[in-house]
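The structure appears right after this line, and notes come after that.
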Amino acid sequence: MKKKIIISLLAILTGAILAFGTLFYLNKETNHAETIYALQIGAYASLENAQKIQAKYPEAIIYPSEKYYHVLIGASKSKEGLQKIANVLQKENILYYEKEFVVSNPQKIDEYNTLLLKAENDKTIMFLNTKILEEMGEV
């Protein structure tokens with residue numbers, strides 16, 4: 001009788017561990033989307049025109065949507081982080097338009113954004129901005 005109880009408990013425990021492991025793995029692999037605040041310097045119907053503008057701003061990326069190729073020069077998960085980037089761009093007399101985008105799996109962006117919020121000098125702010133833009137991807 002004790003043997004059957006022990007075997008039953010071990011079976012339940014093994015099943016629970018496997019179920020938890022599978023659930024953890026599936027949650028980790030599931031894509032989720034979040035809003036990113038961006039500074040856009042242009043949006044073009046043709047990739048060629050977007051690339052012409054991007055050539056003037058090496059730190060910028062081209063982010064495609066259904067209709068346009070957006071040329072982004074700044075991005076952050078928070079408005080506070082975006083304002084830090086905007087302050088640096090204003091010193092350089094770069095004109096931009098604020099826009100929101102939805103991106104999938106922004107895990108690395110979260111890490112860079114946390115550092116961005118703590119950053120004090122312009123060089124660090126723009127370095128982290130570049131890393132966030134790289135994580136958003138490019139055409």
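No lab work stands behind these numbers, since they all come straight from the coordinates. Every value quoted in this text rests on a predicted model; they were computed, and no experiment measured them.
Which residue, TYR63, TYR97, TYR37, has the most motion in a Gaussian network model of the chain that connects Cα atoms within less than 10 Å?
Among TYR63, TYR97, TYR37, the largest GNM mean-square fluctuation belongs to TYR97.
Please list, in chain and number order, the residues 5+ apart from TYR63 or on another chain whose amide H is under 5 Å from its amide H, with Hs placed from the backbone.
Hits under the 5 Å cutoff: HIS70, VAL71, LEU72.
Between 0 and 90 degrees, rounded to the nearest ten: what's the tilt of helix 47-56 against the longest Cα principal axis of the chain?
70 degrees
Using only Cα atoms and rounding to the nearest 10 degrees, what angle (0 to 90) does helix 122-136 make with the longest principal axis of the chain?
Approximately 60 degrees, to the nearest 10.
Any lysines with Cα under 30 Å of the LYS91 Cα? List them, leaving off those in the same chain fewer than 8 positions away.
Output for LYS91: LYS52, LYS56, LYS77, LYS79, LYS99, LYS108, LYS118, LYS123, LYS131.
Helix-only estimate, please: 222 nm mean residue ellipticity of the chain, summing -39500 (n - 2.57) across DSSP H runs of length 4 or more and dividing by its residues, to the nearest 500.
The per-residue figure over the chain is -18500 deg cm²/dmol.
Can you bin every Cα-Cα distance in segment 45-139 into 5 Å intervals starting at zero and give me the percent of pairs per bin, rounded to whole numbers?
Each 5 Å bin holds this share of Cα pairs: 2, 14, 25, 26, 19, 11, 3, 0.
Specify the angular offset, from 0 to 90 degrees and rounded to the nearest 10, of the alpha carbon long axis of helix 2-29 from the longest principal axis of the alpha carbons in the chain.
Roughly 10 degrees, rounded to the nearest 10.
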